[in-house]
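Asks: The structure under discussion is supplied below as structure tokens; questions concerning it will follow.
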Amino acid sequence: MYNTTKVKTWQPIIPAGTGPVLLTADDAVEEILNDLGEQAKVKFRFTELLIMKRTVVDGLKITDWIDGEYPLFPDYAIKVHTYQQGQLDEMPEFGGY
């Protein structure tokens, strides 16, 4: 039976292209922060990355955003999309093909 449970996802959009569909806003923001660090040739310490991630996710209330694409920084955005669990199961990111 096809699983129609609704699942909210976050997808980072970086200058190199669109990132994977992720199940948490934290993971999407972390992808963006890591790319920003690479572009600036800076290696963030774990605690620095954690503080920046919490500041962005909690400060902007990203988990409350509705479906759409939202700019985060110049050239960086997050796409919020709600899928049915069955759709996610078919995506390569989640083991489907």
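Asks: Filter segment 33-45 for residues that are open to solvent by 80 Å² or more (accessible area, probe 1.4 Å) and more than 19 Å from L22 (Cβ to Cβ) and give the result. Full working, then the answer.
Replies: Initial filter on segment 33-45 (open to solvent by 80 Å² or more (accessible area, probe 1.4 Å)): 38-39, 41, 43, 45.
If the condition is that a residue be open to solvent by 80 Å² or more (accessible area, probe 1.4 Å) and more than 19 Å from L22 (Cβ to Cβ), then Q39, K41, K43, R45 are the ones that fit.
Asks: Go through the residues of segment 19-28 one by one and say whether even a single one is part of a helix (DSSP H, G or I), loosely packed, with under 15 Cβ neighbours inside 10 Å and among the aliphatic types (A, V, I, L, M).
Replies: Looking for residues that are part of a helix (DSSP H, G or I), loosely packed, with under 15 Cβ neighbours inside 10 Å and among the aliphatic types (A, V, I, L, M), one finds none in segment 19-28, hence no.
Asks: Then there is this: Mind counting the residues in segment 71-97 that are in a loop (DSSP other than H, G, I, E, B) and closer than 22 Å to E38 by Cβ?
Replies: 2
Asks: So how many residues does segment 61-70 have that are open to solvent by 40 Å² or more (accessible area, probe 1.4 Å), part of a strand (DSSP E or B) and not acidic (D, E)? Break it down stepwise before answering.
Replies: Of all residues in segment 61-70, those open to solvent by 40 Å² or more (accessible area, probe 1.4 Å) come to 61, 63-67, 69-70.
If we keep only those that are part of a strand (DSSP E or B) as well, we get 69-70.
Cutting the leftovers down to not acidic (D, E) gives us 70.
The number of residues fulfilling the criteria is 1.
Asks: Taking the conditions exactly as written (under 18 Å from the mean Cα position of the chain (by Cα), of a type in the set (D, E, K, R) and assigned to a helix (DSSP H, G or I)), does E48 satisfy them or not?
Replies: Here the answer is no, as E48 does not meet what is asked.
Asks: I've got another one for you. Going by the conditions given, is D58 farther than 22 Å from Q85 by Cα and open to solvent by 30 Å² or more (accessible area, probe 1.4 Å)?
Replies: When the stated conditions are applied, D58 passes them.
The values are calculated or read from the model by the stated rules, or taken from the named source; none is laboratory data. This structure is a prediction, so every number in the text was calculated from the model and none was measured. When we count neighbours, we look across all protein chains shown, and the Cβ atoms used for this are built from the backbone with ideal geometry, even at glycine. In case anyone asks, the SASA skips ligands and DNA or RNA and just uses the protein heavy atoms, side chains included. Shrake-Rupley method; radii C 1.70, N 1.55, O 1.52, S 1.80 Å.
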